[in-house]
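The values are calculated or read from the model by the stated rules, or taken from the named source; none is laboratory data. Source: prediction; values computed, not measured. Cβ coordinates were reconstructed from backbone atoms using ideal geometry, including for glycine residues, and neighbour counts include every protein chain displayed.
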Amino acid sequence: MISSRFSKIGFILAAVGSAVGLGNIWKFPYVTGEYGGGAFVLVYLITALFIGVFILISELLIGKLGRNDAVSMFENLATKHKKLWKYAGFMAFVPLIILTYYSVVIGWIFHYISISLQGLPHTVEQSTEVFMTLLTTDIQTQLFYHTVVFVLVTAIILRGIKGGIEKINKILMPLLGILLGILLIYSISIDSFSNAFSFMFNPDFSKLSSEAVIVAIGQAFYTLSLGMGIIITYAASLPKDSNIVKSSILISIIDTTVAIVAGLIIFTLLFDKGAESTKGAGLVFISLPSVFYEFGSVGSFLALLFFIAIAFAGITSAVSMIEPAVEYFENRFNFSRIKATMICGILFYLVGVAVLLSNIEAYSEVFKIGEKSLFDWLDFVCSTILVPIGGILVVVFIGHYMDKKEIENELIPVMGEFLTKFWFFMVRFIIPIALVIVILNETGLFKF
Ligand code: PFF
Ligand code: NA
């Protein structure tokens with residue numbers, strides 16, 4: 001049994017810290033750009049509310065009732081097939097795999113903090129050159145920052161839930177809010193803000209495809225850190241009298257707000273300089289640096305705030321990725337905190353080094369499996385296959401294999417009989433079907 005180690009506000013901030021990450025600041029803006037702006041945003045808001053909040057409630061419930069590491073919780077709470085359900089808890093290792101490459105990306109962000117200080121690339125061509133040089137040739141810089149991330153993350157985790165995770169989130173989350181606030185105010189002050197605003201909020205339904213709806217579901221999922229044992233693990237340390245429904249709504253509102261604010265900032269800056277909203281890494285590491293340069297002296301300052309903000313968002317997500325595995329070793333094997341942290345830390349560090357080398361031109365052939373690099377493979381397998389499967393396991397478990405009375409005792413007092421029934425209907429039938437469709441579509445097995 002795990003005791004209540006978080007304070008109420010500490011838990012919310014830690015969950016928000018995990019949720020708010022690269023998914024909000026770079027993925028959300030570019031998928032919005034790709035899938036037609038306003039209409040996509042609207043669909044995303046609806047899915048974040050129905051699917052996001054409903055699964056958040058499920059994960060908080062498992063944690064609050066289970067109070068253990070993820071594996072033990074699935075085993076103990078299952079009303080039948082305990083031995084099989086135990087394996088669902090191994091979803092807690094998925095974020096540790098994600099961390100191997102997430103850490104490398106946070107390293108790039110650190111490097112761009114120093115670029116903002118030293119001088120930004122002047123043109124898109126230069127910007128491309130700077131990024132590609134870092135990615136495909138510069139082992140030393142990437143290794144250095146990957147090591148920095150390893151040291152930071154393990155130092156925080158070693159201090160435990162209260163002194164480490166809660167504390168870092170209590171510091172970094174408000175700072176992140178302030179940084180984004182400054183960037184937002186600056187964006188509002190330039191003309192193209194109104195274009196960015198109407199791009200994001202004027203829905204043009206002719207642009208909406210079934211593909212967009214599926215992407216919105218996947219994004220709602222990834223952005224809230226669902227389906228990988230993270231929220232479940234954090235919730236095991238929840239104060240006993242927490243209102244899990246209120247907390248879920250709050251977490252998802254804050255995460256969504258950050259995504260929308262990031263979108264408004266990024267589109268205002270891009271539109272102002274007539275730049276393209278390119279995909280993924282290109283948006284943050286190629287388009288934006290040269291756009292920031294065009295803003296003159298204030299541009300380097302904006303760039304600095306922007307990259308620091310992403311670094312904060314990244315670090316708080318990174319600590320959440322290792323904690324579930326650390327607790328598994330602590331609880332199931334009675335390892336000390338330091339031993340459990342070191343095992344998980346060294347594991348992600350070493351695989352991270354391989355990931356980093358897989359992008360280096362001279363070694364890329366060694367790490368190539370088929371068409372994709374190791375980096376792309378890990379991201380593909382985790383984000384598009386394992387995470388949605390984790391989500392399906394959570395809802396099937398809670399909808400069909402947990403004690404219904406116990407769940408109702410928790411939920412009916414806080415959300416009433418009708419909403420509890422509706423929630424049950426969603427997690428039992430609608431959400432599992434929606435997730436199967438997401439997996440089929442994203443793996444290309446069946447396109448809708
Ligand atoms: N929710 C994070 C984001 O939106 O960037 C992503 C994430 C966090 C993924 C934690 C995986 C994870 F373990
Ligand atoms: Na997020």
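Condition check ((1) within 16 Å of ligand 1 (Cβ to nearest atom); (2) among the β-branched types (V, I, T)) across all residues:
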| position | (1), (2) |
| --- | --- |
| G17 | yes, no |
| G21 | yes, no |
| W26 | yes, no |
| P29 | yes, no |
| I55 | yes, yes |
| S58 | no, no |
Here's a check for you: in the stretch 198-222, which residue that is under 19 Å from V20 (Cβ atoms) and aromatic (F, W, Y) is nearest to ligand 1 (Cβ to nearest atom)?
Y222
Within the stretch 382-399, tally of residues that are in contact with an Asp or Glu (Cβ under 7 Å, 6 or more places away or on another chain) and crowded, with 21+ Cβ neighbours inside 10 Å:
1
Taking the stretch 229-274 and keeping only residues that are more than 27 Å from D69 (Cα to Cα), within 14 Å of ligand 2 (Cβ to nearest atom) and touching a residue at least 24 places away in the same chain (Cβ under 8 Å), one is left with T256, V258, A259, I260, V261, A262, G263
Listed residues G10, G23, G33; which is within 17 Å of the chain's Cα centre (by Cα) and part of a helix (DSSP H, G or I)?
G23
Checked against (1) more than 15 Å from the chain's Cα centre (by Cα); (2) within 16 Å of ligand 2 (Cβ to nearest atom); (3) crowded, with 22+ Cβ neighbours inside 10 Å, L49 satisfies every condition except (3)
Exclusive hit being β-branched (V, I, T), part of a helix (DSSP H, G or I), free of Cβ contacts under 8 Å to residues at least 60 places away in the same chain and touching a helix residue (DSSP H, G or I) at 6+ places or on another chain (Cβ under 9 Å), set I322, I346, I338
I346
Filter result for I265 (modelled with pLDDT of 95 or more, within 19 Å of the chain's Cα centre (by Cα) and either hydrophobic (A, V, I, L, M, F, W, C) or within 26 Å of L96 (Cβ to Cβ) (or both))
no
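Of everything in the stretch 409-430, what is of a type in the set (S, T, N, Q) and either surrounded by 14 or more Cβ atoms within 10 Å (Cβ to Cβ) or in contact (Cβ under 8 Å) with a residue 12 or more places away in the chain (or both)? Give them in sequence order.
Of everything in the stretch 409-430, just one residue is of a type in the set (S, T, N, Q) and either surrounded by 14 or more Cβ atoms within 10 Å (Cβ to Cβ) or in contact (Cβ under 8 Å) with a residue 12 or more places away in the chain (or both), namely T420.
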Counting only residues that are surrounded by 11 or more Cβ atoms within 10 Å (Cβ to Cβ) and assigned to a helix (DSSP H, G or I), the stretch 362-380 contains a total of 8
Step by step: first the residues of the stretch 431-446, then only those that are in a loop (DSSP other than H, G, I, E, B) and free of Cβ contacts under 8 Å to residues at least 40 places away in the same chain, then the one that is surrounded by the most Cβ atoms within 10 Å (Cβ to Cβ). Which residue is that?
F446
Please name all residue pairs, on different chains or six or more residues apart, with Cβ atoms under 6 Å, provided the first residue is in the stretch 13-25 and is closer than 18 Å to G163 by Cβ and the second residue is within 8 Å of ligand 1 (Cβ to nearest atom) and at pLDDT 90 or above.
S18/S225; S18/I230; S18/S317; S18/S320
Does N359 satisfy the criteria of being more than 25 Å from A434 (Cβ to Cβ), exposed (fewer than 14 other Cβ atoms within 10 Å of the Cβ) and not acidic (D, E)?
no
Just checking, which of A88, A70, A78 is surrounded by fewer than 21 Cβ atoms within 10 Å (Cβ to Cβ) and away from ligand 2 (no atom under 16 Å from the Cβ)?
A78
Would you check which residues across the stretch 63-110 are more than 16 Å from ligand 1 (Cβ to nearest atom), under 23 Å from I385 (Cα atoms) and among the hydrophobic types (A, V, I, L, M, F, W, C) and list them?
V71, M73, F74, L84, W85, A88
